[in-house]
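Note sheet for the following structure.
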Amino acid sequence: MHRVLNTAIRIGLISDTHNLVRPEAIRFLSGCQMIIHCGDICGPEVLTELARIAPVTAVRGNNDRGPWTEKLPEYELVPIGKICAYVIHDLSQMDIDPASAGAAVVLSGHSHKPYIERRAGVLYVNPGSAGPRRFKLPISAGELIVEGDSVTPRIVDLEAGEAAN
């Protein structure tokens, strides 16, 4: 009998925590192989807490200030299995063509509005905000399931425990 190995990689997506790591976010992100924080972290303790779950890649948001942020890039090209994800906080600051840069996925935050969409063959995902509520937007986080060059995104409303998009 041959064993089939599960080669899927689960990447947790979180953004705009604004110095708040909710227990619901911790539960949702548990079991991820990697966590990507799309900015507006607002305190190094957030990254420390997330790193207890899985290795963390983070970019700097417009509210990330102080000496601790000097190590945070404004954007990052992150290899995940056979694909690459381009991570930036504010999409309006993006100055590359993601497809030409080899990115299959663009991950961002800033707007606090969760969404998943395809543009010119590139998957765009904003996990929304997992921090303090802003307006009537959901408290959310997301995930990417990467199998080979296939990417399946999902965003979850952390309070309701269901898809947010």
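Every number here is computed from the coordinates shown, using simple stated rules; none is lab data. Note that the coordinates shown come from a computational prediction; the quantities given were computed from them, not determined experimentally. Glycine also receives a Cβ, built like all others from the backbone with ideal geometry; neighbour counts cover every protein chain displayed.
Worth pointing out:
- Proxy reagent accessibility, fewest Cβ within 10 Å first, across ASP149, ASP16: ASP149, ASP16
- Value of Rg to Rh for the range 33-114 (Rh from inverse mean 1/r over Cα pairs, i.e. Kirkwood): 0.96
- Virtual spin-label span in nm between ARG27 and ASN62, 7 Å along Cα→Cβ: 3.3 nm
- For the range 1-143, the share of DSSP beta bridges that are antiparallel, to the nearest 5, is 50%.
- The Cα-based radius of gyration and maximum Cα-Cα distance (Dmax) for the chain are 15.1, 56 Å.
- Within the shell of other residues whose beta carbon sits under 12 angstrom from the beta carbon of ARG10, the net charge comes to -1, with Lys and Arg scored +1 and Asp and Glu -1.
- Applying the Karplus relation 6.51 cos²θ - 1.76 cosθ + 1.60 with θ = phi - 60° to the range 109-115 yields 3J(HN,Hα) values of x, 6, 6, 6, 9, x, 7 Hz, where x marks Gly and Pro.
- Global form of the range 85-128, assessed from the alpha-carbon gyration tensor, a/c cut-off 1.5: oblate
- Farthest positive-ward along the range 1-83 dipole, Cα basis, beta-carbon charges - from ILE14, GLY61, CYS32: CYS32
- Residue ranges 18-26, 39-47 sort as 39-47, 18-26 when ordered by packing (mean number of other C-beta atoms within 10 Å per residue, highest first).
- Under 5 Å from the amide H of GLY61 lie the amide H atoms of ASP40, ILE41, each residue being 5 or more positions distant or on a separate chain, with H modelled from the backbone and absent for Pro and chain starts.
- Expected 222 nm ellipticity per residue - DSSP helices of 4 or more, -39500 (n - 2.57), all of the chain, to 500: -2500 deg cm²/dmol
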